[in-house]
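The values are calculated or read from the model by the stated rules, or taken from the named source; none is laboratory data. Predicted model only: the values in this text are computed from it and were never measured. As a convention, Cβ positions derive from the backbone with ideal geometry for all residues, glycine included, and neighbour counts pool all protein chains shown.
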Amino acid sequence: MSHTLRLGVLTPSSNTALEPLTSALAACVPGCSAHFSRFKVTEIALSAQALGQFDDSKILAAAELLADAKVDVIGWSGTSSGWLGFDADRRLVERIRERTGVAATTAVLALNELLALRGVKRLALVTPYTGDVQQKIVDNYRRIGIEVVAERHLGIRVNHDFAGVEPERLRELMREVATAKPEAITTFCTNLRAAPLAEAVEAELGIPLLDTVSTTVWGQLRAAGVDPAQVRGWGGMFGWR
């Protein structure tokens, strides 16, 4: 690729994992760079206060700042529509396009596109979230015809703390859910240090790992008309078509 490609990434304010991971993924594509804009997110819960963190007006303000950098595509690297409902992300990307004139996608919309590409109907879910949030995610996948056949969650509410979960602990959880023989495993949180585990996990378990930091980048590259297969070493999903 001879020209530059700028990925604009909307980031929860207390997230420390997705920025270095996204930059490493972007570096796999010649001429590609990642640029970030934050809005306030500090806890994941179903309280009115926690849900209010994802008000579109705050996200759109952050998106407008990314548009100032003339990014080629804007991605919401967050999983809130997992419990808010997938329509929340569909509405958000339309509003970003209307407000900024920039193509947009999200971690969850890209994940769902990948699931559809492979016809995945049996999914395993690994998150750091509380049980009630996890159940919302399971229910929303059931509504689109995908059964969560195994799940593990860690019961954490504080967003900043998600990045403190050791990668080896995440691998243990993946091994546990793999016993249900899912067609894919998703690490469904963009403040987990899970994306770099994909190659080793897939070699060990024989099951695709769809991490939501990675799905954001995959979706952005697709939206920009760039082949995601240029990203190597981060799991087989980047070669899916």
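In table form, for the structure just shown:
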| item | result |
| --- | --- |
| Residues of the stretch 108-118 classified as free of Cβ contacts under 8 Å to residues at least 60 places away in the same chain and buried (at least 19 other Cβ atoms within 10 Å of the Cβ), total | 1 |
| Some residue of the stretch 210-221 being aliphatic (A, V, I, L, M), on the phi < 0 side of the Ramachandran plot and assigned to a loop (DSSP other than H, G, I, E, B) | no |
| Residue match in the stretch 11-34 (condition: over 17 Å from the mean Cα position of the chain (by Cα), at pLDDT 95 or above and among the polar types (S, T, N, Q)) | yes |
| Residue in the stretch 26-53 that is nearest to ASP227 (Cα to Cα), counting only those that are among the small types (Gly, Ala, Ser) and not in a loop (DSSP other than H, G, I, E, B) | ALA26 |
| Single unsatisfied condition, VAL217 versus (1) touching a Lys or Arg at 6+ places or on another chain (Cβ under 6 Å); (2) in the same structural domain as VAL41 (by TED's automatic domain parsing) | (1) |
| Within the stretch 25-55, tally of residues that are surrounded by fewer than 20 Cβ atoms within 10 Å (Cβ to Cβ) and touching a Leu at 6+ places or on another chain (Cβ under 6 Å) | 1 |
| Criterion: under 21 Å from ILE185 (Cβ atoms), modelled with pLDDT of 95 or more, among the β-branched types (Val, Ile, Thr) and assigned by TED's automatic domain parsing to the domain that holds ALA34 - qualifying residue of THR79, THR100 | THR79 |
| Tally, over the stretch 14-56, of residues that are among the small types (Gly, Ala, Ser), in contact with a Ser or Thr (Cβ under 7 Å, 6 or more places away or on another chain) and closer than 18 Å to LEU92 by Cα | 1 |
| Residue within the stretch 54-66 that is assigned to a helix (DSSP H, G or I), modelled with pLDDT under 95 and either under 19 Å from the mean Cα position of the chain (by Cα) or not hydroxyl-bearing (Ser, Thr, Tyr) (or both) present | yes |
| ILE74 vs. criteria in a helix (DSSP H, G or I), β-branched (Val, Ile, Thr) and in contact with a Gly (Cβ under 9 Å, 6 or more places away or on another chain) | no |
| Strands (runs of 3 or more DSSP E) fully within the stretch 119-200 counting 1 or more residues that are surrounded by fewer than 19 Cβ atoms within 10 Å (Cβ to Cβ) and outside the structural domain of GLN49 (by TED's automatic domain parsing) | 122-127, 147-153 |
